[in-house]
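Input: a single structure, listed below in structure tokens.
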Amino acid sequence: MRPTRRSWAILSLAPVLALFGVVLSRLPLLVGAAMVGTWVLVRQARFLATARRTAAELSVYREPERGTLRTGESTPVTVIARLERPVDVAVSLSAGLPTAATANERLELELEPGETETTGTTTVGWPVAGRHRFERVTVDVADGWFRTSFRTGTRPDVVVQPRTPRNVHVGAGGEQAVSPYGEHTGGRIGSGIEPAELREYLPGDTMDQIDWKATARQGTTYVRDSQSETDRRTVLVVDYRRTLGDGTPGETKFDYARDVALATVDAARQLADPLGLVTVGDDGITSQLEPSSTFEGYARIRRRLFDLEPAASDSDSSSSSNSTADTGPLAHRSPVLLADATREQGLPLAGEDPFSATLRPYLEFQTGGGTRIRTNSLAQAVGASVANRDRTFAIIVTDDERRDDILETVRLLRNHGSDVLLLLTPTVLYERGGLGDIERAYERYVEFEDFRRRLSRMDRVNALEIGPSDRLASVLSAGRQRGVSQ
């Protein structure tokens, strides 16, 4: 509680009257000083009682209580204040906003003496993605003599998600995939609902395992085993290096990749599969989250995905016409200097200039067929975080810029006995103006499709494409038209 200037003026009168009463030996002055002090104390007690009743009977509602928005959107925020009974003091309210939110005007309300309800609305902008929490409403109570403040109401959250691209396509060769993540079983015999195999009765089998139809047909007792379902331990590897920033704002490679990665998190949560996360940036591994099947574990992965943002890509990389390999000096080439899979097939390193060829022997070494790779390569990220775990199902989200790096990554996982799902963003579908020469775009897409099929033909590997369905449809349409004309 704070006295106002008016109260301080009255309070200062009491010691003055008391001083003059003592100096002049005038009892009326002393009595006046005592009356002033008593009046101030009574006024203060009445105000405190009214302030307490106001705090107890004041209800503050804020709409929306919760919400999920996209970055750049605006939404009206309304505050409603109600009193059970009118009071003889002035009540003002100031609704605080999250730090990252913007508003044209402050949301402030007034309840004049005798009023019981007031409402205020303002438009709030949300330019920053994340979870934002409102501040409690600050209530100021004043009667002209004293003033006090307190906070009340809830602190609702608003989740602001990055704008996601539209027309997301996940599939192969232009055909949409039903579910990239997919259902699964444990592949083991035991309790479950999926029938596995029929066998003769053995001592120890229970009555409910007997297949009576098969028993009647065969003339001897047969038992039907079931296939048990188990959780699939999954690690999601998300690449957000510089080239994943190619594309128009809001529809970059990474925007599409993140959208599919978030859908993967939702699918794992619905199946209660333990899910972990590894993120790879330009400087290597930036975060590792251990597989978890808890609500907080899935939520932590989602928050981390929302926090990721690739560095601005160079214009040269976005205008490149060949996504198989970089053609510049060795420092700008793929992180994997020489993929085993490429070497085994006798293929040269695409785009290797004389300078790179001279330096390569000094920057790689061979030990038992292994290959030295840079610290920011996808293969090393997998080798350091996934391949050293127990057998896992690895989902890798990346682009097709570093194809030798992808081949090395797949080789590591297959050697480890892991199943692999590759989700690739074809560079040709994201370049600005990349569809200007539609026939050339189709040829580049065919090159990507050949690479994707080559990956999918490997044992325990499935490769799918991620891209804008409208652009993909344009490229495929150009290919069909060319086939008709020929």
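The values are calculated or read from the model by the stated rules, or taken from the named source; none is laboratory data. None of the values given here were measured: they were computed from a predicted structure. Glycine gets a Cβ as well: all are built from the backbone with ideal geometry, and neighbour counts include every protein chain shown.
Test of understanding: among ASP273, ASP255, ASP205, ASP283, which residue is surrounded by fewer than 18 Cβ atoms within 10 Å (Cβ to Cβ) and assigned by TED's automatic domain parsing to the domain that holds VAL386?
Numbers: ASP273 fails: surrounded by fewer than 18 Cβ atoms within 10 Å (Cβ to Cβ); ASP255 fails: surrounded by fewer than 18 Cβ atoms within 10 Å (Cβ to Cβ); ASP205 fails: assigned by TED's automatic domain parsing to the domain that holds VAL386.
Of the residues listed, the single one that is surrounded by fewer than 18 Cβ atoms within 10 Å (Cβ to Cβ) and assigned by TED's automatic domain parsing to the domain that holds VAL386 is ASP283.
Does PRO76 satisfy the criteria of being assigned by TED's automatic domain parsing to the domain that holds TRP126 and in contact with a His (Cβ under 7 Å, 6 or more places away or on another chain)?
Working: assigned by TED's automatic domain parsing to the domain that holds TRP126: yes; in contact with a His (Cβ under 7 Å, 6 or more places away or on another chain): no.
In short, no.
Set side by side, the residues LEU435, LEU407, LEU422 differ, and just one is modelled with pLDDT under 85 and in contact with a helix residue (DSSP H, G or I) (Cβ under 8 Å, 6 or more places away or on another chain), which is LEU435. Just to be sure before I move on: is ARG199 surrounded by fewer than 17 Cβ atoms within 10 Å (Cβ to Cβ) and modelled with pLDDT under 75 in the structure I sent? When the stated conditions are applied, ARG199 does not pass them.
You will find that of LEU29, LEU17, LEU83, LEU109, the residue that is at pLDDT 85 or above, of a type outside the set (Asp, Glu) and touching a Gly at 6+ places or on another chain (Cβ under 7 Å) is LEU109 and no other.
Where in the range 378-468 are there strands (runs of 3 or more DSSP E), lying fully within it, with 3 or more residues that are among the β-branched types (Val, Ile, Thr) and closer than 24 Å to ILE285 by Cβ? By residue number, 393-399.
The criterion of at least 2 residues that are basic (Lys, Arg) is met by the following strands (runs of 3 or more DSSP E) wholly inside the range 107-146: 130-133.
Among what's in the range 398-455 and is in contact (Cβ under 8 Å) with a residue 60 or more places away in the chain and in contact with a Phe, Trp or Tyr (Cβ under 7 Å, 6 or more places away or on another chain), pick the residue that is farthest from VAL475 (Cα to Cα). Across the range 398-455, the extreme among qualifying residues is ARG403.
Can you find even one residue in the range 170-183 that is surrounded by 15 or more Cβ atoms within 10 Å (Cβ to Cβ) and either among the acidic types (Asp, Glu) or modelled with pLDDT under 75 (or both)? Checked the range 170-183: at least one residue is surrounded by 15 or more Cβ atoms within 10 Å (Cβ to Cβ) and either among the acidic types (Asp, Glu) or modelled with pLDDT under 75 (or both). Screening ALA56 with (1) surrounded by fewer than 12 Cβ atoms within 10 Å (Cβ to Cβ); (2) among the small types (Gly, Ala, Ser); (3) at pLDDT below 90 gives one miss only, at (3).
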